[in-house]
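The values are calculated or read from the model by the stated rules, or taken from the named source; none is laboratory data. In this text the structure is predicted, and so the values were computed from the model without any measurement. Cβ atoms come from the backbone with ideal geometry, glycine included; neighbour counts cover every protein chain shown. Just so you know, the surface numbers come from the protein's heavy atoms only, side chains and all, with ligands and any DNA or RNA stripped out. Shrake-Rupley method; radii C 1.70, N 1.55, O 1.52, S 1.80 Å.
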Amino acid sequence: NELILSIPTMMLEGFLFRELISFIRENAGLKVSLVNDAPELQQSADLVVWLQDPYASNELRSQLTASRSLSTLGFSPYITERRIRGRMMPVSLADLDDYMVVQYQGYERFPSFAQWNDCVIQRQHGTIHVDTPDAQWRMIRWANGVGLLPDKAVYLDAGVRRLPILLDNKLALEVWVGRSKRSANDPDARMIAERITRVLKGK
């Protein structure tokens, strides 16, 4: 049987991909399909991982079984070390006028990211919008841009600096997981949910 996993692209590319590859290697007999978190794909998935604003309601909780909140995932603006070498660190959003800002379009649907998103919208220059987290990361890393990254991202050791004081409040999203009713008792779906939980909790 095929096991369909719906996982947000920013989580998959950011820090879950290695863990899922490890799981699949250990369970070579499985047939797994990875899909993103588009609503129509979530409906057909056996295991759904999703991001939502803290304390927000979400209809997925009633549509899925064993739904639970796994963790709160923090996000911060990041910049490459070489971009700020010999320069003053930006300490406010106004200081970003001399920097290129890279915006992953997936962030625009979260109200809790309003301060950052509004800043991006109001900029008259120096902004690039991308449709994948990987493209955003490449623009931050190689084009010296500034952009939001998950604080658990695997590539944060590659010469980037967190800029936590740019925003008034720390940005965060809740991570939830649930299984479809047909997969409620599927041991593989349950095992993957447990692996994802361990990654998020740093165990």
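For region 72-98, the set of residues classified as farther than 24 Å from VAL49 by Cβ and polar (S, T, N, Q) consists of THR80, SER92, listed by residue number. In region 19-51, the residue that is farthest from the chain's Cα centre (by Cα) out of those that are open to solvent by 30 Å² or more (accessible area, probe 1.4 Å) and of a type in the set (Asp, Glu) is GLU26. Look at (1) open to solvent by less than 30 Å² (accessible area, probe 1.4 Å); (2) modelled with pLDDT under 90; (3) touching a strand residue (DSSP E or B) at 6+ places or on another chain (Cβ under 7 Å) and you find that LEU16 fails only one, number (3).
Filtering region 176-198 to residues that are buried (at least 19 other Cβ atoms within 10 Å of the Cβ) and not in a loop (DSSP other than H, G, I, E, B) leaves TRP176, VAL177, GLY178, ARG179, SER183, ALA189, ILE192, ALA193, ILE196. Would it be correct to say that LEU156 is in contact with a Pro (Cβ under 8 Å, 6 or more places away or on another chain) and either hydrophobic (A, V, I, L, M, F, W, C) or at pLDDT below 90 (or both)? Taking the combined requirement at face value, the residue does not satisfy it.
Filtered by the rule that a residue be under 18 Å from the mean Cα position of the chain (by Cα), charged (D, E, K, R) and at pLDDT 90 or above, region 163-203 gives a lone residue, GLU174. Within region 142-175, track down each residue that is outside any loop (DSSP other than H, G, I, E, B), among the charged types (D, E, K, R) and open to solvent by 50 Å² or more (accessible area, probe 1.4 Å). Answer for region 142-175, where residues must be outside any loop (DSSP other than H, G, I, E, B), among the charged types (D, E, K, R) and open to solvent by 50 Å² or more (accessible area, probe 1.4 Å): ASP157, ARG161, ARG162. Under the condition of being under 20 Å from TRP116 (Cα atoms), open to solvent by 80 Å² or more (accessible area, probe 1.4 Å) and either at pLDDT 90 or above or in contact with a strand residue (DSSP E or B) (Cβ under 6 Å, 6 or more places away or on another chain) (or both), the residues counted in region 52-96 number 1. Here ALA135 meets each of (1) without any contact (Cβ under 8 Å) to a residue 60 or more places away in the chain; (2) open to solvent by 50 Å² or more (accessible area, probe 1.4 Å) with one exception, condition (2).
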